[in-house]
1. Give me the pairs: first residue in region 80-104 and closer than 30 Å to ARG14 by Cβ and among the charged types (D, E, K, R), second residue in a helix (DSSP H, G or I) and modelled with pLDDT of 70 or more, beta-carbon distance under 9 Å, and six or more apart or on different chains, which are they?
2. Here's a check for you: in region 103-124, which residue that is part of a strand (DSSP E or B) and not hydroxyl-bearing (Ser, Thr, Tyr) is surrounded by the most Cβ atoms within 10 Å (Cβ to Cβ)?
3. Taking ALA100 as the residue in question, decide whether it is buried (at least 16 other Cβ atoms within 10 Å of the Cβ), at pLDDT 75 or above and within 25 Å of LEU162 (Cβ to Cβ).
4. Can you name every residue in region 50-66 that is over 19 Å from SER123 (Cβ atoms), of a type outside the set (Ser, Thr, Tyr) and in a helix (DSSP H, G or I)?
5. Where residues in region 163-183 are surrounded by fewer than 19 Cβ atoms within 10 Å (Cβ to Cβ), at pLDDT below 85 and touching a Ser or Thr at 6+ places or on another chain (Cβ under 7 Å), which of them is farthest from GLY27 (Cα to Cα)?
6. Hey, could you check region 19-47 for residues that are more than 16 Å from the chain's Cα centre (by Cα) and assigned to a helix (DSSP H, G or I) and say which is nearest to LEU5 (Cα to Cα)?
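The values are calculated or read from the model by the stated rules, or taken from the named source; none is laboratory data. Here the structure is a predicted model, which means the values were calculated and not measured. Cβ placement follows ideal geometry from the backbone for every residue including glycine, while neighbour counts extend to all protein chains displayed.
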Amino acid sequence: MAHELTDAFSDALRACGGSAMVVSAHGLADAVAEVVDQERVVLVTPDLLGLAESLRQKGIDARVGSSQHSLSATAVSLPSANLDEVSSIFCRAECGITGALLGISASGTVAIDTQHGNAGLLSCLPPHHVAILREGAIQKTLEGALETLAPQPGVRDCRFVLVTGPSRTSDIEMMSVLGVHGPLKLDVIIVREDA
């Protein structure tokens, strides 16, 4: 069943202009290195600190884009004294890498947590977004996904954004333009848990 959902997710994402690849957990860093292809600055969310270190070992300028101060020597922190420099790094980033809470196979959509580690910013500011999705987190429908994402009892709210393919918009003449409100490119790397 999981492989069927993965195939449907990949097909739906491709139909929207994105791409998907399935890898094992031990092949994740190689797959990400392949899709970022030596982009100038790559920012990752703090939950992917190990991935950032693996990418740096492969010669990629990968940094943790976070408001946390003590994550690593290469973390981009947001101290008020150096806000211009940090803004410059965020604006120069060619790629943002985030985790995905879940995927929706019917539409090729990923849900990105916007509450932690600047994932909302990293998923929409750089021209290339790479989302890391666990294969077991792929839901069949939007309804199922929303049930999963609903706040748990005692939790005030949950914040996430649903992303389907690269950013696009159409004007009144129905001329579609990519990248107006977000990334020109979306790659989803699906991590197969049985490998």
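1. GLU94/VAL36
2. Looking at residues that are part of a strand (DSSP E or B) and not hydroxyl-bearing (Ser, Thr, Tyr), I get VAL110.
3. yes
4. Of everything in region 50-66, those that are over 19 Å from SER123 (Cβ atoms), of a type outside the set (Ser, Thr, Tyr) and in a helix (DSSP H, G or I) turn out to be GLY50, GLU53, ARG56, GLN57.
5. Going through the qualifying residues, I end up with SER170.
6. So the residue we want is ALA25.
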